[in-house]
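The structure under discussion appears below in the form of structure tokens.
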Amino acid sequence: MYELKEQYLTGMETIDDQHRKIFQLADQVYELLKDENMLYKDGELLKIVQELQDYTKYHFTEEEIYMEKIGYSRLEEQKIQHEKFIEELDKLNQAVQQISLRNQDQVIFKLLDYLTYWLKVHIEKFDMLIKKEI
Ligand SMILES: [Fe+2]
């Protein structure tokens, strides 16, 4: 369900590949939410959240280096948004560590909701602006 479609392509292959990976991780969260055979989802969820944390940190650094290189005019705005995303994932990581059977779907939904917002707003709107400055 989550995949990198045309409207998300910046035209910068490395960045697009990294965004694709984030979409794949979002898709794993979605699959986990749908999985009705798994009772305790916390272990799996924590693994995905940690991978998301590691991968997005790596990606943001790479993206910022690239933006710096091309003299992208809205770099500061990007840095703030990236910082916020990292903070949000930290909070979600803590929520996962305190998860119970009663609220686990709620926490997964919250994570998915935030990721969807991120992909739609940050990548589709903000990262796309790089295109104009290449
Ligand atoms: Fe970005």
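Might you check whether a residue that is within 14 Å of the chain's Cα centre (by Cα) and among the acidic types (Asp, Glu) occurs anywhere in segment 30-43? Spell out how you get there, then give the answer.
Our first condition is that a residue be within 14 Å of the chain's Cα centre (by Cα); within segment 30-43, this holds for 30.
Checking the rest, the ones that are also among the acidic types (Asp, Glu) come to none.
No, segment 30-43 contains no residue that is within 14 Å of the chain's Cα centre (by Cα) and among the acidic types (Asp, Glu).
Can you tell me which of 88, 31 is at pLDDT 95 or above and either β-branched (Val, Ile, Thr) or within 16 Å of the ligand (Cβ to nearest atom) (or both)? Quick ask: steps written out before the conclusion?
Numbers: 31 fails: either β-branched (Val, Ile, Thr) or within 16 Å of the ligand (Cβ to nearest atom) (or both).
Exactly one of 88, 31 is at pLDDT 95 or above and either β-branched (Val, Ile, Thr) or within 16 Å of the ligand (Cβ to nearest atom) (or both), namely 88.
Kindly evaluate residue 24 against the criterion of being on the phi < 0 side of the Ramachandran plot and modelled with pLDDT under 95. So that I can check it myself, show each step before the final result.
Working: on the phi < 0 side of the Ramachandran plot: yes; modelled with pLDDT under 95: no.
No; evaluated as a whole, the condition is false for this residue.
Tally time: how many residues in segment 87-134 are β-branched (Val, Ile, Thr), surrounded by 15 or more Cβ atoms within 10 Å (Cβ to Cβ) and more than 16 Å from residue 4 (Cβ to Cβ)?
Applying the first criterion (β-branched (Val, Ile, Thr)) to segment 87-134 yields 96, 99, 107-108, 116, 121, 123, 130, 134.
Still in the running and surrounded by 15 or more Cβ atoms within 10 Å (Cβ to Cβ): 96, 99, 107-108, 123, 130.
Now restrict to residues that are more than 16 Å from residue 4 (Cβ to Cβ): 96, 99, 107-108.
Summing the residues that are β-branched (Val, Ile, Thr), surrounded by 15 or more Cβ atoms within 10 Å (Cβ to Cβ) and more than 16 Å from residue 4 (Cβ to Cβ) in segment 87-134 gives 4.
Only one of 77, 64, 83 is among the acidic types (Asp, Glu), within 16 Å of the ligand (Cβ to nearest atom), touching a residue at least 24 places away in the same chain (Cβ under 8 Å) and surrounded by 11 or more Cβ atoms within 10 Å (Cβ to Cβ); which? So that I can check it myself, show each step before the final result.
Working: 64 fails: touching a residue at least 24 places away in the same chain (Cβ under 8 Å); 83 fails: touching a residue at least 24 places away in the same chain (Cβ under 8 Å).
Exactly one of 77, 64, 83 is among the acidic types (Asp, Glu), within 16 Å of the ligand (Cβ to nearest atom), touching a residue at least 24 places away in the same chain (Cβ under 8 Å) and surrounded by 11 or more Cβ atoms within 10 Å (Cβ to Cβ), namely 77.
Checking residue 59 against (1) under 18 Å from residue 126 (Cβ atoms); (2) at pLDDT below 95, which test does it fail?
Checking residue 59 against (1) under 18 Å from residue 126 (Cβ atoms); (2) at pLDDT below 95, the one that fails is (2).
The values are calculated or read from the model by the stated rules, or taken from the named source; none is laboratory data. Note that the structure is a prediction, hence the values are computed from the model and not measured. Cβ sites come from the backbone with ideal geometry, for glycine too, and all protein chains shown count toward neighbours.
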